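The values are calculated or read from the model by the stated rules, or taken from the named source; none is laboratory data. Worth saying up front: this structure is predicted, and the values here are computed from it rather than measured. So basically every Cβ, Gly included, is an ideal-geometry build from the backbone, and we count neighbours across all protein chains shown.
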């Protein structure tokens with residue numbers, strides 16, 4: 001059984017996740033910044049990171065990507081759609097700000113294929129496309145442990161912003177209906193910001209969706 005912890009980091013309080021097994025092997029998801037905070041969490045549990053997974057390439061989800069890859073000598077995975085965003089502050093939304101330094105990262109070593117199952121050591125997960133907040137957003141579904149890491153796609157009581165460049169509300173809502181609301185309702189949802197929720201809670205109460213949704217087991 002997998003364990004999951006998070007640290008909330010960076011200027012917009014992004015959830016960075018660590019998923020680990022009994023051997024303390026770990027996947028890092030969305031290292032948003034504050035590298036020392038993330039390293040402290042990893043070291044406090046004696047974790048052995050194997051890879052970094054990125055849900056999307058906005059600056060607040062990639063701030064410590066290069067630091068952790070270099071520190072642990074590991075590779076990263078993300079959608080090819082936003083590969084170019086890593087090195088371009090105007091695309092990852094860190095450019096032109098008076099209150100923060102531009103964020104850049106090197107290209108990831110592995111570009112994900114959508115609707116595919118992946119296995120990294122003892123970790124098995126499925127990658128599904130969930131665009132709308134950004135065009136290359138993906139979600140990671142861990143079927144055996146019944147949870148999903150969805151970045152800025154779905155939150156407790158709301159959904160991701162679509163007023164940012166290349167965001168689209170219609171696309172985002174369709175992504176949630178197609179890829180997330182079709183999951184069993186007991187699945188836990190770990191979002192990019194805020195508290196965890198469940199598929200059932202969002203399917204039945206999220207105000208962005210029709211209140212007449214049919215109950216699913």
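Based on what the data block shows, is residue 95 more than 16 Å from residue 15 (Cβ to Cβ), in contact with a helix residue (DSSP H, G or I) (Cβ under 6 Å, 6 or more places away or on another chain) and surrounded by fewer than 18 Cβ atoms within 10 Å (Cβ to Cβ)? For residue 95, the condition - more than 16 Å from residue 15 (Cβ to Cβ), in contact with a helix residue (DSSP H, G or I) (Cβ under 6 Å, 6 or more places away or on another chain) and surrounded by fewer than 18 Cβ atoms within 10 Å (Cβ to Cβ) - is met.
Evaluation of residue 102 against the conditions (1) farther than 26 Å from residue 178 by Cα; (2) at pLDDT 95 or above; (3) in contact with a helix residue (DSSP H, G or I) (Cβ under 6 Å, 6 or more places away or on another chain) shows that the sole unmet condition is (2). All but one of (1) touching a helix residue (DSSP H, G or I) at 6+ places or on another chain (Cβ under 8 Å); (2) farther than 21 Å from residue 88 by Cβ; (3) surrounded by fewer than 22 Cβ atoms within 10 Å (Cβ to Cβ) hold for residue 12; which doesn't? Result: residue 12 fails condition (2) only. Only a single criterion out of (1) in contact with a helix residue (DSSP H, G or I) (Cβ under 9 Å, 6 or more places away or on another chain); (2) over 21 Å from residue 7 (Cα atoms); (3) free of Cβ contacts under 8 Å to residues at least 60 places away in the same chain is not satisfied by residue 201, namely (1). Within region 132-146, the only residue that satisfies the criterion of being over 12 Å from the mean Cα position of the chain (by Cα) and not in a loop (DSSP other than H, G, I, E, B) is 142. Within region 163-176, residues that are in contact (Cβ under 8 Å) with a residue 12 or more places away in the chain reach partners that are surrounded by fewer than 17 Cβ atoms within 10 Å (Cβ to Cβ) and assigned to a helix (DSSP H, G or I) with beta carbons closer than 9 Å, at six or more positions or on different chains, in the pairs 165/90. All of 167, 136, 151 fail the test of being over 24 Å from residue 51 (Cβ atoms) and either surrounded by 15 or more Cβ atoms within 10 Å (Cβ to Cβ) or at pLDDT 95 or above (or both), apart from 167.
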